[in-house]
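Every number in this text was worked out from the coordinates using simple rules, so none of it is lab data. Since we're looking at a predicted model, the values are computed, not measured. For neighbour counting, all protein chains shown are included, and Cβ atoms are generated from backbone atoms with ideal geometry for every residue, glycine included.
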Amino acid sequence: MNLKQLIGLSGIALSLTVFPVLASACSDNSVIEEPTTPPDSGDGDEETDDALHQTCQTILERIKSGNLSTNASAVDKNAAKWIAQIQENGSFPDIDYSDRSFSWTPGAHLTRVNQMAQAYILKESSYYGNEDLYKQIIQALTYWNTVHPVCDNWYENQISAPQDMGVILILMRYGKTLVPEELENSILLYMKQTGGDPEDQAGANKTDIALHWLYRGCLQEDKSVIDKAVLHSFMPLAYVASNQEGIQYDLSYFQHGSQLYVGGYAPVMLSGVTRVADYTADTEYKLSANQLNVLYKFINETYMKSIRGHVQFYNVVGRSVSRPGALNCSGFTGTLDKMKRIDPAHSAEYDKQIAILKGNGYGSITDNFTHYYIGDWSLFQGKNYSVGVRMASNRTRKCENGNKENLKGFFMSDGSMNLALDGEEYFDIFPTWDWNRVPGVTNPQMTEIPLASSWGEAGESEFCGGLSAEANGLSGFRFTANTHGISMSANKAWFFLDGRIVCLGSGITSSMAEPINTTVNQCMFKDNLAYAINGQENTASIGAEVSDQSLDWIWHGNVGYFFPEEQKVSLKAENRSGSWYDINNTKSKDQVEKEVCTIWLNHGTAPSNATYSYIIVPGIDNVGAMKNYKIKDTEIIANSADVQAVQDVANNMIQAMFYQKGSISANGIKVSVDKPCALMLQKSGSNFELYFSDPSHKLSSLTVTVEYNNSQKSYTYDAFGEDSAYKGKTHHTQLAF
């Protein structure tokens with residue numbers, strides 16, 4: 001016997017009433033009767049046994065609890081509003097049910113019915129068990145099930161609406177009077193017919209569809225549907241090949257092909273996975289140990305590191321960057337609370353992450369740098385600041401546009417840098433951004449920013465990578481752009497050295513008429529702004545502008561920017577305005593105003609083998625500290641088309657990106673390589689720690705030779721072929737002198 005059979009039969013006569021609906025949103029004004037639909041027997045033919053029944057009741061109870069507010073006052077307020085507006089036919093007068101646009105208004109109907117259902121079943125609500133409210137809920141469900149609104153965005157049809165319908169039906173299972181069985185089965189059949197199949201999707205879309213399959217399977221106690229729902233809900237918790245969507249072997253995340261989506265789609269996947277894991281905990285459908293380990297590692301080693309405060313890096317969220325509030329991750333605390341129940345062994349770590357999202361907790365962080373060699377992405381997280389660098393090779397896809405979103409993000413994958421101390425540096429700045437000046441990127445200043453093909457295009461770089469060594473590391477690529485009217489190339493590298501980021505560009509070449517610029521940063525203006533020219537200090541505020549000057553340094557937002565060579569530096573602090581519609585045609589045209597600070601370098605028109613260099617030092621909290629900072633401890637060894645290299649003098653460390661075989665020398669040490677590679681060498685006593693990687697993902701062997709103190713040591717690594725799914729990863733050895 002299922003739950004509906006266990007409920008008292010006193011309400012059955014009412015529950016079988018079919019309400020006629022005036023189809024005000026349809027093509028004519030005739031009255032449409034709810035079609036008679038035989039009860040859906042489900043997808044499977046297995047007899048419901050007691051164990052399955054108990055499992056379904058456990059899961060349904062958890063789904064109900066997870067979707068039912070305990071704030072009776074708020075529940076009553078919402079319900080009262082919709083009770084006053086709903087019409088006799090179950091529709092709402094302010095909703096256009098024929099709307100198919102991407103800003104789909106009919107979805108609000110289900111949100112309102114959900115809030116009414118909560119009031120009906122919440123015992124503390126003044127509407128608990130109210131017969132008039134029940135009738136209105138049934139009328140609203142019947143109207144929806146009659147007109148069947150459709151959206152041009154498949155997401156609404158196959159994910160959003162079926163999920164919403166499933167939750168409403170589950171909530172109503174706990175009401176005084178049940179939804180008529182004929183109506184419920186008709187809605188469930190419609191969900192089945194239009195809600196898609198998780199088997200046809202990947203990543204976040206897979207888990208989204210599997211979720212409403214779980215709703216439907218438990219409502220109908222259909223084991224075959226539940227089995228499939230759980231299988232596909234947890235399927236993303238496995239490492240996949242780099243040409244597949246999902247969690248990669250380097251713990252980056254791909255969606256829409258080999259496109260980095262640590263934000264945007266990954267948190268949707270995490271939300272779906274953790275909801276199902278929470279619902280199925282301690283049942284036969286619980287997560288396996290391996291799945292739980294992958295889930296823990298992805299959250300701890302990737303997702304949470306891409307957030308500063310409550311704000312996620314703008315360059316990992318894909319086209320979501322063009323949505324208001326999309327970088328706000330405060331709501332992820334709910335997922336972390338679920339993880340404490342799902343994975344109690346790591347409960348203390350989840351508490352620390354919750355504290356970070358609430359604005360605390362960085363005191364317990366250990367500085368660390370990670371290069372994601374499959375995702376073409378590097379990340380530094382520390383006590384005082386976080387940095388993310390996004391690149392694109394011909395192995396990955398660049399940040400996409402689609403569904404009329406992210407219309408100006410063409411350059412966002414070309415070496416963009418997210419630099420955050422408090423996390424608010426870029427939050428909702430994007431309507432006012434100059435999208436020709438994405439932080440970190442070297443690009444032509446185009447009158448009209450190109451629009452790539454929808455859903456992402458492959459990068460062009462054949463050499464893109466980096467290496468990780470605890471808190472230190474580097475990343476870089478041979479940037480090439482020869483599409484959409486762009487013709488330019490450059491070598492770009494970032495060296496992370498004990499609280500500094502050395503940013504180098506070389507071989508900057510273009511045949512275009514537009515000037516080529518490198519943007520150092522473009523962020524929210526902070527009140528503390530100063531700069532120096534030839535040792536002369538100047539303070540500045542909104543309205544300040546410096547153009548093509550050889551500056552010594554700029555200090556803004558407690559970040560120091562040092563310029564160790566003569567180059568054309570510009571600075572502008574200004575009020576800017578723009579609309580979300582400018583970058584996302586589904587959003588408002590209302591003007592947004594922000595105070596913005598932009599720093600950039602001008603390489604001129606048609607540069608040939610031009611270079612740049614600047615050093616970023618986060619956490620400098622006053623101008624005096626800027627003037628006294630020992631920038632000479634950071635030495636640029638080389639910045640040519642063949643090699644870019646730096647030395648951390650105080651820590652006896654050399655980092656280099658070799659684009660050709662060659663040699664570098666510094667402080668009595670000579671390092672030679674026989675092939676292009678990324679390399680780091682750190683002296684420790686009489687030994688050298690050697691780290692290296694293959695940014696091309698094509699090497700079979702590499703020989704590194706170190707000469708020091710009249711002695712020479714060579715090391716040959718010839719096992720790159722064994723890296724398999726881990727091509728591009730960091731290798732480590734020790735050279736003893």
### Query
At 222 nm, what helix-only mean residue ellipticity would the chain give, in deg cm²/dmol to the nearest 500, using -39500 (n - 2.57) for each DSSP H run of four or more?
-7500 deg cm²/dmol
#### Entry: 0 to 90° range, to nearest 10: angle between helix 203-220 axis and the chain longest Cα axis
20 degrees
#### Entry: Percent RCO, i.e. relative contact order, over segment 635-737, from Cα pairs under 8 Å lying at least 6 residues apart
21 percent
### Message
Straight-line reach only, C-alpha to C-alpha below 23 angstrom: list the lysines that Lys627 could link to, leaving out same-chain residues fewer than 8 apart.
### Response
Lys526, Lys568, Lys572
#### Entry: Distance between segment 288-329 and segment 479-537 - C-alpha centres, whole angstrom
27 Å
#### Entry: For Gln259, distant residues with modelled amide H under 5 Å away
Arg397
### Task
State, in angstrom, two size descriptors of segment 635-737 derived from its alpha carbons: Rg to one decimal place and Dmax to the nearest whole number.
13.1, 40
### Crossing angle, helix 50-66 versus the chain [Cα axis fit, 0-90 degrees, rounded to tens]
70 degrees
### the chain - charge dipole about Cα centre, Lys and Arg +1 at Cβ, Asp and Glu -1, debye rounded to 20
1600 debye
### Query
In the structure shown, do any of Lys338/Lys589; Lys383/Lys404; Lys297/Lys630; Lys632/Lys713; Lys358/Lys683; Lys352/Lys675 have a Cα-Cα gap over 32 Å, and if so which?
Lys338/Lys589; Lys383/Lys404; Lys297/Lys630; Lys358/Lys683; Lys352/Lys675
#### Entry: Nearby aspartates and glutamates by direct alpha-carbon distance to Lys206 (threshold 15 angstrom, same-chain neighbours under 8 apart not counted)
Glu156, Asp197, Asp227, Glu245
### Task
Determine, for each peptide in 93-103, 132-142, the mean count of other beta carbons within 10 angstrom over its residues, then list the peptides with the highest first.
132-142, 93-103
### Query
For the chain, what is the relative contact order in percent, using Cα pairs closer than 8 Å and at least 6 residues apart in sequence?
8 percent
### Query
Convex hull over the alpha-carbon atoms of segment 214-367: what's its volume per residue in Å³?
124 Å³
### Net charge of Cβ neighbours under 10 Å - reference Ala471; Lys, Arg +1; Asp, Glu -1
-3
### Query
Taking the Cα centre of each part, how many Å lie between segment 112-140 and segment 235-254?
43 Å
### Summary
Toy charge model, Lys and Arg Cβ at +1, Asp and Glu Cβ at -1: segment 516-653 dipole around Cα centroid in debye, rounded to 20, equals 260 debye
### Task
Work out the FRET efficiency for Ala241 and Asp132 from their Cβ-Cβ distance, taking R0 = 60 Å, and round it to the nearest 0.05.
0.60
#### Entry: Residue-wise HN-Hα coupling along segment 275-287, computed from phi with Karplus coefficients 6.51, -1.76, 1.60 (Hz; x: Gly, Pro)
4, 5, 5, 5, 5, 9, 4, 6, 10, 5, 9, 5, 4
### Message
Under a crude label model (7 Å from the Cα following the beta-carbon direction), how far is Asn709 from Thr586 in nanometres?
### Response
6.3 nm
### Message
5 Å is the cut-off here: which amide hydrogens, built 1.01 Å from N in the peptide plane, fall below it relative to Ser468, excluding neighbours closer than 5 in sequence?
### Response
His371, Thr730
### Task
For segment 565-625, run through the GluC sites (Glu not before Pro) and keep only the ones in DSSP coil with at most 11 other Cβ atoms within 10 Å of their Cβ.
Glu565, Glu566
### Message
Taking the 0 to 90 degree range and rounding to the nearest ten, how far is the long axis of helix 72-85 tilted relative to the main principal axis of the chain, both from C-alpha atoms?
### Response
70 degrees
### Summary
Placing one equal point scatterer on each C-alpha of the chain and summing with Debye, one gets log10 I(q)/I(0) at q = 0.06, 0.08 Å⁻¹ equal to -0.42, -0.71
### Message
Give me the extension gain from Tyr726 to Ile365: residue separation times 0.36 nm, minus the current Cα-Cα distance, reported in nm with one decimal.
### Response
127.3 nm
### Query
Where does the charge balance sit around Asn602 when Lys and Arg score +1, Asp and Glu -1, over other residues with C-beta under 11 Å from its C-beta?
0
### Query
Based on the Cβ-Cβ distance of Gln57 and Gln87, what FRET efficiency does E = 1/(1 + (r/R0)^6) give at R0 = 45 Å, to the nearest 0.05?
0.80
### Query
Residue separation times 0.36 nm, minus the C-alpha to C-alpha distance between Glu199 and Met524: what's the value?
112.7 nm
### Query
Using the alpha-carbon centroid of each, what span in Å lies between segment 70-109 and segment 683-737?
63 Å
#### Entry: Calculated FRET efficiency for the pair Ala513/Arg341, C-beta based, R₀ 51 Å, to 0.05
0.25
